[in-house]
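Working notes, structure below.
Quick note: the coordinates plus some simple rules give every number you see, no bench work behind them. Note that this is a predicted model, so its numbers are computed, not measured. Positions of Cβ are generated from backbone atoms using ideal geometry, with glycine treated the same way; all protein chains shown enter the neighbour counts.
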Amino acid sequence: MLFDFKKKAASLLESAGISINGSEPWDIQVHNEELYERTLRGGTVAFGESYMDGWWDAEDLERFFEKVLTANLDAKIQTLGLLPYYLKSLITNPQKGSRTYAVGETHYDIGNDLYRRMLDRRMTYTCAYWEPFQELPAAKTLDEAQEHKLEMICRKIGLKKGDRVLDIGCGWGSFIRYAAEKHGVECVGISVSKEQVRHGNETRGDLPIEFRYQDYREVNETFDHIVSLGMFEHVGVKNYKHYMEVVHQCLKEDGLFLLQTIGSPVSRRSTDPWIDKYIFPNSMLPSMAQIAKAAEKLFVIEDWHNFGYQYYLTLMAWYENFLRAWPELKGHYDERFYRMWVFYLLSSAATFSTRINQVWQIVFSKEGVKGGYKSLR
């Protein structure tokens, strides 16, 4: 008897409260009946590619992903065809050597026009902070939420005028610009994206900031404080210890290091294969255990702040901006890219609304802050 792929797919979807061609906004609308076999044979990569190819839709795609993730369907459709993705992380070191720069070319260099329209006015490509913070009220806009996050970081590391700060994975420079403007510090930002560095150096004006196309392993200077926002996801578990050693070497004895990263409650060695192939090559999310092990004998963990749900709010704001900007962008990007980007933003948002993924800000010191560190919220 031939295997009934549609029946199996329907059963899996029903366990998540999703119907094929149903009337609820989260129900899947199938346009190509080959979807079922393609997905069950090819796993999450095939499912994502099928969406990119227009084989299926859902009116409320984010709610669809919430239901899929809550029912753990992504794990239930993994296949032997995905084995190479996992073997790569076991056998090789995907985040070392020339591979370090792959994510810059694949993701961050695809067009500053896209990011300029999708992000806030400072082009901050990390989770914003929407809740009240000290005397700052709850943010009402993406611009406000990102500025509040940047200010929170400055206060958490105790920036003072004249400090010299390193930003590992500086993006388009939102943090180092803000820190220089508002707190009178000198900053160096490093990135593996040529477009980010080019944009940064062309627009830095008279600010005491410098952008470098450089890997963290190439830095050999001393700084009063170090931050790294949304870059640790590209380091890889095989390199966590060396990463912490580099930061330790470059940080002054009484300095603070703030790490902001997406985190997983489970220790893994690779990311979702579709994300690896189309969005963030060679990436992976760290766990608390992996971070703590890497910091052992090098740092004291002074503070660990989880505000993961706020990435859901941030991603939905980016999604709305992207939709509004699409009429201007579509001359440079095709329909398949549009569907890929929507899939990326909304599937990512669902990982935070379901609390499968977290966002952590962690403050480290070398020997412990004398008198104790005061946590800021």
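Below, the figures for the structure above:
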| read-out | value |
| --- | --- |
| Spatially proximal lysines relative to Lys277 (Cα-Cα < 23 Å; intrachain offsets below 8 disregarded) | Lys76, Lys88, Lys96, Lys194, Lys238, Lys330 |
| Eligible aspartates and glutamates near Lys8 by straight Cα distance, threshold 17 Å, same-chain separation 8 or greater | Asp27, Glu33, Glu34, Glu37, Asp74 |
| Contact order normalised by residue count of the chain, Cα under 8 Å, 6+ apart, percent | 18 percent |
| Values of log10 I(q)/I(0), in the order q = 0.12, 0.18, 0.20 Å⁻¹, for region 164-279 under a Debye, Cα-only, solvent-free model | -0.45, -0.95, -1.12 |
| Across Lys241/Lys366; Lys160/Lys370; Lys252/Lys374; Lys182/Lys297; Lys160/Lys241, pairs whose alpha-carbon gap is larger than 25 Å | Lys182/Lys297; Lys160/Lys241 |
| Per-selection Kirkwood Rh - the chain (Cα, Å, 1 d.p.) | 21.8 Å |
| Farthest positive-ward along the chain dipole, Cα basis, beta-carbon charges - from Gly42, Ala289, Ile168 | Ala289 |
| Lys7, Lys366 arranged by Cβ crowding within 10 Å, fewest neighbours leading | Lys7, Lys366 |
| Rel. contact order, % - alpha carbon contacts under 8 angstrom, at least six apart, region 180-306 | 22 percent |
| Estimated 222 nm signal from helices in the chain, with DSSP H stretches of n ≥ 4 weighted -39500 (n - 2.57), rounded to 500 | -13000 deg cm²/dmol |
| Point-charge dipole on Cβ atoms (K/R +1, D/E -1) for the chain, about Cα centre, debye to 20 | 960 debye |
| Anchor Lys293: aspartates and glutamates whose Cα lies under 13 Å away (excluding residues fewer than 8 positions away in-chain) | Glu245 |
| With 5 Å bins from 0: P(r) over region 16-76, alpha-carbon pairs, percent | 4, 19, 28, 33, 15, 1 |
| Gyration tensor (alpha-carbon) shape descriptor, region 134-184, a/c threshold 1.5 | oblate |
